[in-house]
1. What does the highest-first list of 221-234, 172-185 look like by mean Cβ count within 10 Å?
2. Rank S325, G486, N288 by how far each Cα sits towards the positive end of the charge dipole of the chain (+1 on Lys, Arg Cβ; -1 on Asp, Glu Cβ) and give me just the farthest.
3. Hey, what does the equivalent ellipsoid look like for the chain, semi-axes from the Cα gyration tensor as sqrt of 5 times each eigenvalue, largest first, whole Å?
4. Per residue of the range 357-369, in order, report the coupling 6.51 cos²θ - 1.76 cosθ + 1.60 (Karplus, θ = phi - 60°) as ³J(HN,Hα) in whole Hz, putting x for Gly and Pro.
5. Go through Q254, T536, V453 and say which Cα lies farthest out towards the positive end of the charge dipole of the range 247-547; charges sit on Cβ, +1 for Lys and Arg, -1 for Asp and Glu.
6. Take every Cα pair under 8 Å in the chain that's 6+ residues apart, average their separations, divide by the length, and report that relative contact order as a whole percent.
7. Out of residues 5 or more away from I323 or on other chains, whose amide H comes under 5 Å of its own, with H placed 1.01 Å from N in the peptide plane?
8. Highest mean first, how do 422-435, 237-250, 198-211, 453-466 rank when packing is the count of other Cβ atoms within 10 Å averaged over residues?
Amino acid sequence: MLPSRCSRISIGLAAVALLAAACTPAEVPSTSYDDLVTLFEEWRAFEQPEFVDGVPDYSAQAMAAQHRELAGYQRRLAAIDPTGWPVAQQVDHHLVAAEMNGLDFDHRVRRPWARNPAFYTMIFAAQSDVPAHEGPVIHGWIDLWTYDYPLSQEDAAQLSERIGSIPPLLDQARRNLVDDAADLWTMAGRSMEGQVRDLEALATRVAGTSTELEAAIRGAVESTDEFHAWLESAATSKSGPSGVGKENYTWYAQNVHLVPYTWEEQVTIMRRELARAHAVLRLEENRNRRLPQLSRVGSAREYDRRFNAAVGEFVTFLEEEEIVSMRDYMDAALRARIGRFTESDGLRGFFSEVSYRDPVSMRTHGYHWIELAMMENEPHESPIRRVPSLYNIFDARSEGLATGMEEMMMHAGLFDDRPRARELIYILLAQRAARALGGLMMHANEWSMAEAVQFASEWTPRGWLPEDGNTVWGEQHLYLQQPGYGTSYIIGKIEIEQLMAERALQLGDDFTLKGFMDEFVSVGVIPVSLVRWELTGRDDVINRMAAAR
């Protein structure tokens, strides 16, 4: 049961403000790091909405009360003075502030409970490769991948209860969704279709386990189908913008994700990276013009052989070339994500088109899974960094390193004996830049979702991102829901490259790639601007963003 808050007492509206003030602990000045940890724990409990009969309350009244109370938590944080603390502890103070800014932004601007119907998706069948879910996620979400199958009776009973909350949640959603955001409404149908597929697959998987669970799944499928139909009908009347706007985008980047670039600067960076990727790809193709094209994996047997060999090659390269200190769990973390062969006469999807031609190429991006294994096996000493940051604050750091590993490992020599695989790295970069520009322009409310999809498809080489495919639509939907995620892959990569350059100049002859990577990952999956402060001692970037508030 979630902790209650005194603001949930039923009272007259005139007394709400007084009650909220009375319920907030006094903003007593402090210089104690322990007080920050205590506040963080209380903040994380407060950030969750009240659950009524297992259903999170996102009603207008509940959200208005939460926003009022948030100010008290921000005042308590401001009363804790980190001056004189070790840099690592000051970094934690900034992380807590960023999370509070994230909730404030949700209430002021994003309002997912009121304007984004996909927010009410509850079922997640597969684990994300980043520390938490990508994009906004509703409290009470159900991660099916965390259960052991066949289900125990205890787990079946718990899952029955949790899935049983979907029908009343979707009933509440009909009342909460009052904002006019046309593209978000139109795209939400895909999310609901996905929930139905996941529930039906679960029903097959647990058949015969529990009559209560089977009934709960049937009820959830029926209510999701009905909600989907309601969305399709209501979406026809929607015509409003779905983006947050340029100024809000910049504020969110600098105050929540701690990324030191404005909307305009990120557009410039993405355009430059898109042009660079296409130009270098043509140079690579010209250099390799007399070599045979890469052929796709053609059978399950070949798939298993080549993908397992790719993991071995990548892990061996990391160790022999002294890229990063290795752990026993790293090989296993990558092998667990090899997947399986799928038959296809046409395109399998963008990333499969890359992987099926050279499996090593996407093992580099799979460094994600090594990091997740590291978080599990070697949790950070800071209780604030031991858990994933809220509001996808981790995105540029997590996606930036995984994307950066592709090109960095190429330059380090990983593909020297397979020159045509280098072409794949620039195709990946072009796709990331093209889709990021789509996200930026949608948030500026200058492009519609369809225009962003068309641009990303057109500017992805070799026709591997077709305009009618699920990948391009799913990505643009995510980037519209989560400002900054589309650019995080390249922005984070660039921040890491900048930090590597600074650290090399700072250390001189003492710099080594392995030393840099070890200290970089040891800081945790937090914004690169904070990693930079901790590694170099330079807080100018953080201070510049703070001064712009």
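FYI, it's all coordinate maths here, none of it is from the lab. Nothing here was measured: the structure is a model prediction, and the numbers come from that model. Note that each Cβ is placed from the backbone with ideal geometry, even for glycine, and that neighbours are counted across all protein chains shown.
1. Values: 221-234: 16.9, 172-185: 19.1.
In decreasing order of mean packing, 221-234, 172-185 become 172-185, 221-234.
2. N288
3. Values: eigenvalues 274, 189, 111 Å².
Semi-axis lengths for the chain are 37, 31, 24 Å.
4. Couplings: 8, 8, x, 5, 4, 8, 5, 4, 5, x, 3, 3, 5 Hz.
5. Selected residue: V453.
6. Numbers: 745 pairs, mean separation 90.2, N = 549.
Relative contact order of the chain: 16 percent.
7. It is none; the list stays empty.
8. Details: 422-435: 25.3, 237-250: 17.1, 198-211: 15.5, 453-466: 19.3.
The densest-packed peptide leads the list: 422-435, 453-466, 237-250, 198-211.
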